[in-house]
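K.L.:
The structure is given below, and queries will be raised subsequently.
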Amino acid sequence: MTPPDATIRAVEAVLFAATEPMTADAIRVHLGGIEVRTALVALQADYAGRGIELVRRGERWHFQTAADMAHLLRRTHEEPRKLSRAGIETLAIIAYHEPATRAEIEAIRGVQISKGTIDVLMEAGWIRPAGRREVPGRPLLYATTPAFLAHFGLASRRDLPGLEDLRAAGLLDPVDLAFETMEVAKPYDED
């Protein structure tokens with residue numbers, strides 16, 4: 001059996017050299033079948049509060065610059081590309097209802113979506129094709145990616161805000177909230 005220090009060092013080396021986030025199983029394959037989950041937790045604790053940190057996004061692990069140090073690495077002003085309202089709505093529908101077909105997205109939004117909207121989300125790496133629905137026509141299914149989780153700082157889709165979170169943040173339309181609380185008046189008295 002390999003001593004814990006050697007395992008931790010080996011896991012650290014593999015993750016440091018990796019070009020993309022890795023699952024525990026992928027790391028284990030690199031190290032010849034050694035159990036790595038304990039080493040990952042130990043490394044995460046070792047790097048907590050430092051300039052770089054070991055983070056888990058979904059089932060994948062990677063090193064990243066600590067959020068409070070990111071400003072030191074920016075050399076040029078980045079112009080963020082804004083997502084259209086259709087893009088935001090489409091991404092939200094896919095995230096909350098995945099896997100979803102184009103027809104399901106359009107039914108929820110109430111309008112057709114252009115192919116360009118899906119293309120922009122795929123180019124950003126936030127959604128991917130996820131197979132086909134087994135119905136006539138076999139429409140393509142879309143799902144979110146690990147890059148979506150990483151970009152929005154989510155460990156999993158379960159971390160997406162719920163209805164109460166959105167209400168508390170003031171992100172729901174006041175008109176929708178008014179309709180929810182409004183009582184239906186009776187057209188006449190039944191006495």
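K.L.:
Quick one: Debye curve from the alpha-carbon atoms of the range 114-173 only, equal weights, vacuum; give me log10 I(q)/I(0) at q = 0.20 Å⁻¹ to two decimals.
P.N.:
-0.92
K.L.:
While we're here: Using a/c under 1.5 as the rounded threshold, could you call the range 1-151 rounded, prolate or oblate? The axes a ≥ b ≥ c are square roots of the C-alpha gyration tensor eigenvalues, and prolate needs a/b larger than b/c, oblate otherwise.
P.N.:
Taking the square roots of the gyration eigenvalues as a ≥ b ≥ c, the range 1-151 is oblate.
K.L.:
Sticking with this structure for a sec: With a 1.4 Å probe and all protein chains left in place, how much accessible area per residue does the range 1-75 have, in Å²?
P.N.:
Value returned for the range 1-75: 67 Å² of accessible area per residue.
K.L.:
For a quick check of your reading of the filter: which GluC sites (Glu not before Pro) in the range 58-155 sit in a DSSP loop and have no more than 12 other Cβ atoms within 10 Å?
P.N.:
Counting only loop positions with at most 12 other Cβ atoms within 10 Å, the GluC sites (Glu not before Pro) in the range 58-155 are GLU78, GLU134.
K.L.:
Accessible surface of SER84 in the full protein assembly, 1.4 angstrom probe, to the nearest 10 Å²?
P.N.:
Its accessible surface works out to 60 Å², give or take rounding.
K.L.:
With an 8 Å Cα cut-off and a minimum separation of 6 or more residues, compute the relative contact order for the range 16-108 in percent. Present the calculation step by step, with values, prior to reporting the outcome.
P.N.:
On the way: 57 pairs, mean separation 18.5, N = 93.
Reported relative contact order: 20 percent.
K.L.:
So what is the accessible area of the range 77-139 per residue, in Å², with the probe set to 1.4 Å?
P.N.:
On the way: 4220 Å² over 63 residues.
Per residue, the range 77-139 has 67 Å² of solvent-accessible surface.
K.L.:
What percent do you get for the relative contact order of the range 2-53 when only Cα pairs under 8 Å and 6+ apart count?
P.N.:
38 percent
K.L.:
Report the local net charge at ILE118: Lys and Arg +1, Asp and Glu -1, summed over other residues whose C-beta lies under 14 Å from its C-beta. Could the numbers behind the result be given before it?
P.N.:
Numbers: positive: ARG102, ARG109, LYS115, ARG128; negative: GLU89, GLU98, GLU104, GLU106, ASP119, GLU123.
Around ILE118, the charge tally is -2.
K.L.:
Once you keep just the Cα pairs under 8 angstrom separated by 6 or more residues, what percentage relative contact order results for the range 1-156?
P.N.:
Normalised by residue count, the contact order of the range 1-156 is 18 percent.
K.L.:
Using protein chains only and a probe of 1.4 angstrom, how many square angstrom of MET122 are accessible, to the nearest 10?
P.N.:
70 Å²
K.L.:
On a 1.4 Å probe surface of the protein chains, which of TYR96, TYR47 comes out largest in accessible area, and what is the full order?
P.N.:
Ranked from most to least accessible, the order is TYR96, TYR47.
K.L.:
How much of the accessible area of the range 57-140, in percent, comes from carbon and sulfur atoms when a 1.4 Å probe is used?
P.N.:
Of the solvent-accessible surface of the range 57-140, carbon and sulfur hold 54 percent.
K.L.:
May I ask you to derive the FRET efficiency for THR23 and ARG138 from their Cβ-Cβ distance with R0 = 22 Å, giving the value to the nearest 0.05?
P.N.:
Efficiency, from the Cβ-Cβ distance: 0.15.
K.L.:
May I pose another question? Assuming R0 = 41 Å, can you tell me the calculated FRET efficiency for the pair VAL41 and GLN112, based on Cβ-Cβ distance, to the nearest 0.05?
P.N.:
0.30
K.L.:
What is the set of long-range amide H partners of THR101 at a cut-off below 5 Å, with H atoms built 1.01 Å from backbone N?
P.N.:
Excluding prolines and chain starts, which carry no amide H, the hits are TYR142.
The values are calculated or read from the model by the stated rules, or taken from the named source; none is laboratory data. On a predicted model such as this, the values are computed, not experimentally measured, just so you know. Ideal geometry is used to build each Cβ from the backbone, glycine not excepted, and the neighbour counts take in all protein chains shown. These area figures cover heavy atoms from the full protein model, side chains too; ligands, DNA and RNA do not enter into them. Shrake-Rupley method; radii C 1.70, N 1.55, O 1.52, S 1.80 Å.
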